[in-house]
1. Restricted to the stretch 227-256, and to residues that are touching a residue at least 12 places away in the same chain (Cβ under 8 Å) and exposed (fewer than 13 other Cβ atoms within 10 Å of the Cβ), which residue is nearest to residue 189 (Cα to Cα)?
2. Taking the options 196, 189, name whichever one is surrounded by fewer than 13 Cβ atoms within 10 Å (Cβ to Cβ), more than 20 Å from residue 290 (Cα to Cα) and modelled with pLDDT under 90.
3. What tally of residues in the stretch 53-81 results from selecting those that are at pLDDT 90 or above and within 22 Å of residue 294 (Cα to Cα)?
4. Inspect all residues belonging to the stretch 221-238 and state whether any of them is over 20 Å from residue 135 (Cβ atoms), assigned to a helix (DSSP H, G or I) and under 24 Å from the mean Cα position of the chain (by Cα).
5. Consider residue 206 against the criteria (1) at pLDDT 80 or above; (2) assigned by TED's automatic domain parsing to the domain that holds residue 251; (3) in contact with a strand residue (DSSP E or B) (Cβ under 7 Å, 6 or more places away or on another chain): it satisfies all of them except one. Which criterion is unmet?
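The values are calculated or read from the model by the stated rules, or taken from the named source; none is laboratory data. Since the structure is predicted, the reported quantities are computational estimates derived from the model, not experimental observations. Ideal geometry is used to build each Cβ from the backbone, glycine not excepted, and the neighbour counts take in all protein chains shown.
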């Protein structure tokens, strides 16, 4: 790739260059981002936003069996589908639709038998983003990365979602940064400073979305399947939430401020995929990745969760874990 920006690119990225400068745009256009489980709705939103921003190379990793799901009506990977008269293969449609957004982005698609497989693209990636996978897949991907390649783990749970950034990175000054491990993040609890500022009731309110994420994560680790509304599943999932809240010292022997019946009503939505959630999370993630690549800031060294069941305006919650 040329080290100098062309006149055509300068015109295309004019607003961005005015916003964050030519040097930052050149860093973006020379970057390589890998998206794992690329046919999910949130992944497609991230791909769209990174393509419009002008990343140099976008590698999309897809399991072979996922291609058939894109052809099904209601697929959340809507923008990569062709029209009724489209004669291209799904993979070609994916590439051409991305290139229609920005012809300057190099698009590579890798089909794999399993997301646990070693992928050569990880070796040259600046950032790896994995969406809506089982915890054992996340752990397998993490084990294959350079220790200083940031790994974004994204999950959507109906009207809720989470972003976890782990592994390491290099900041704008060239200094190495080590993020918290996945185990540290998923076994986290409010720190001393946070507790001094908030009563337990307030802490529980702030951590309610994160408790849901940790309970969901724990369930998938143990069961490797989604939770259902069967009474046994509801009982066990509620107990998992309760145990996570006790472990974080957010409650004592008191019950949670929501009942088992409330949890049973919530479970069906956790297994749904909702386009506005994809758009919101996808926009947030892409902006954070762009900022990290362009060295405007080191990116998220933390975890975020989004819980919009309350319909509050301040839906993002950054957790200092």
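1. Looking at residues that are touching a residue at least 12 places away in the same chain (Cβ under 8 Å) and exposed (fewer than 13 other Cβ atoms within 10 Å of the Cβ), I get 249.
2. On the way: 189 fails: surrounded by fewer than 13 Cβ atoms within 10 Å (Cβ to Cβ).
Testing whether each residue is surrounded by fewer than 13 Cβ atoms within 10 Å (Cβ to Cβ), more than 20 Å from residue 290 (Cα to Cα) and modelled with pLDDT under 90 leaves just 196.
3. Residues meeting the conditions: 6.
4. Within the stretch 221-238 (the criterion being over 20 Å from residue 135 (Cβ atoms), assigned to a helix (DSSP H, G or I) and under 24 Å from the mean Cα position of the chain (by Cα)), the answer is no, since none of the residues qualifies.
5. Looking at each condition in turn, residue 206 falls short on (1).
A quick yes/no check of all residues on (1) at negative phi; (2) outside any helix (DSSP H, G or I); (3) under 19 Å from the mean Cα position of the chain (by Cα):
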{"residue": "91", "(1), (2), (3)": "yes, no, no"}
{"residue": "96", "(1), (2), (3)": "yes, no, no"}
{"residue": "100", "(1), (2), (3)": "yes, no, no"}
{"residue": "138", "(1), (2), (3)": "yes, no, yes"}
{"residue": "156", "(1), (2), (3)": "yes, yes, yes"}
{"residue": "183", "(1), (2), (3)": "yes, no, yes"}
